[in-house]
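Right, one structure below, let's go through it.
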Amino acid sequence: HFDDEKINDAFLDFKKLTDTKKYVTVDDKFVSFQAINDFNNIEIPEGWVYKLFSSNSTVIWNLSPFDDSLKEKILNKASSIVEINNNNKSRKSAIEIEAIEHLIYLANSQNVNIFNSNFISVNNGNNLEELNVLEIENQLNASEISANLNPLLFKQKQGYGSVCFLN
């Protein structure tokens with residue numbers, strides 16, 4: 001895989017870029033992008049971030065606080081969800097509602113901030129087989145922490161553009 005010093009040179013100084021629905025080729029390297037869509041559980045296991053960073057992919061973690069107006073919109077929507085779903089008596093929905101209520105409480109009473117967080121895994125290999133092995137490893141790592149990994153089908157060029165400058 002690319003080391004940190006060479007990743008910028010390899011991504012910015014290329015002769016040919018070709019994209020397919022599952023990957024791009026940058027000269028003779030195969031590159032793909034995967035992103036965490038969401039989690040299947042409210043309780044995320046301890047060490048979950050370590051699991052995401054444990055492959056040879058370069059992981060880009062964007063983390064930014066919501067501004068006050070967006071935070072208010074999110075909390076209002078969450079309050080509406082709680083009101084609508086209060087009649088649903090399933091155990092899973094009761095836990096989800098309790099988690100949303102706790103988030104609303106923390107945000108309003110203790111001025112705890114809410115963050116927008118996303119992960120993009122940049123995978124690369126010398127051939128398609130190396131790339132596929134890395135993607136499968138990331139998929140397994142994501143499943144161990146109950147995360148849904150999005151292969152960004154038909155969005156590989158967009159993924160490439162989001163992690164580097166395009167000519």
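Here, each number is a calculation from the coordinates, and none is a lab measurement. Note that the structure is a prediction, hence the values are computed from the model and not measured. We place every Cβ from the backbone using ideal geometry, glycine too, and count neighbours over all the protein chains shown.
Some notes on this structure:
- Projected onto its three principal axes, the C-alpha set of the range 55-140 covers 52, 33, 17 Å, listed from the longest axis down.
- For a label point 7 Å along the Cα-to-beta-carbon line of Ser54, residues of the range 128-155 with backbone N under 17 Å: 134-149
- Derived scalar couplings between HN and Hα for the range 70-79 equal 5, 4, 5, 4, 5, 5, 5, 5, 4, 4 Hz in order, rounded to whole Hz, by the Karplus curve 6.51 cos²θ - 1.76 cosθ + 1.60 (θ = phi - 60°), x for Gly and Pro.
- With a Förster radius of 41 Å applied to the C-beta separation of Asn126 and Phe66, the computed FRET efficiency comes to 0.50.
- Cross-link pairs exceeding 28 Å between alpha carbons, from the set Lys15/Lys155; Lys21/Lys71; Lys16/Lys155; Lys22/Lys77: Lys21/Lys71; Lys22/Lys77.
- When the P(r) is computed for the range 33-80, the part past 12 Å accounts for 77% of the Cα-Cα pairs.
- Calculated from backbone phi, Karplus (6.51, -1.76, 1.60) coupling profile of the range 42-50 in Hz, x at Gly/Pro: 6, 8, 8, x, 4, x, 4, 5, 4
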